[in-house]
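Engineer: Quick one: the structure is below, questions incoming.
Where a number appears in this text, it was derived from the coordinates with a stated rule and is not lab data. This is a predicted model, so every value here is computed, not measured. Here the Cβ positions follow ideal geometry from the backbone for every residue, glycine too, while neighbour counts run over all protein chains shown.
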Amino acid sequence: MGGDPGRKYPGGDPSRRETETERMDRNWNELLQELRVTQTGVQILTGFLLTLPFQQRFTELDRFQVAVFCVAVLLSATATALIVAPVSYHRLLFRQRRKALLVSASDRFARAGLLFLALAVSVVVLLVFDVVLSRRAAVAIATGVLLVFAMLWLVLPLMGRRASRPDQPQAELPNGATSR
């Protein structure tokens, strides 16, 4: 890709020298790669949860545990629906020249799916530790797991996003180097 003066770089990094269409294609491909990783995990979790009621020990769960299980199934199923939604969206918009809409909507589906996945995993942890240890330990551990998700999936990326803004001063790293 040469320095074609007719090219425009709206909303993107001009150093990439890509058109809006090329940027949308790249964004779509990057999103698909992310979803491939996430889809497998959420589908395994959902499948596992759907088999639990058919296990002998399931009848030993108390009302709280059954309620937590039901919430976990709903959260996991919702995460599955959101994370797989871009595929359906793509099928319905195929050849409609709506790539920007597809990428934008799929990004929102993926973000919401990750939120529901974090909640589902935390609720599953609550159930498992309630059965194995105690309710008090389960609440503490599930809260900790949810905080880990929040830190890794929200706080750190937002901090990185803020630190990488060109209008922000460079952050100094512990070894004296700068962040850019």
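Engineer: Give me the percent of Cα-Cα pairs in region 14-113 that sit more than 23 Å apart, rounded to a whole number.
Structural biologist: 42 percent
Engineer: Please compute the length gained on full extension between Ala112 and Asn29, using 0.36 nm multiplied by the number of residues separating them and subtracting their Cα-Cα distance.
Structural biologist: Between Ala112 and Asn29, full extension yields an extra 28.0 nm.
Engineer: Follow-up. Which of rounded, prolate or oblate describes region 24-176 when judged by the alpha-carbon gyration tensor and an a/c cut-off of 1.5?
Structural biologist: Cα axes put region 24-176 in the oblate bin.
Engineer: Taking loop as defined by DSSP and a crowding limit of 10 other beta carbons within 10 Å, which chymotrypsin sites (Phe, Trp or Tyr not before Pro) in region 57-113 fit?
Structural biologist: Those that pass, being in a loop and sparsely packed, are Phe94.
Engineer: Provide the FRET efficiency to the nearest 0.05 for the Gln96-Arg17 pair, computing r from the beta carbons and using R0 = 30 Å.
Structural biologist: Result of the calculation: an efficiency of 0.65.
Engineer: Follow-up question, since we're still on this one. Could you check the simple spin-label distance between Ser104 and Leu158, using points 7 Å along Cα→Cβ, in nm with one decimal?
Structural biologist: Each label point is offset 7 Å from its Cα along the Cβ direction, giving 2.3 nm.
Engineer: Turning to a different aspect of this structure: Give the calculated FRET efficiency between Phe64 and Ala150 to the nearest 0.05, with a Förster radius of 25 Å applied to their Cβ-Cβ distance.
Structural biologist: On the way: r = 24 Å, r/R0 = 0.96.
About 0.55, to the nearest 0.05.
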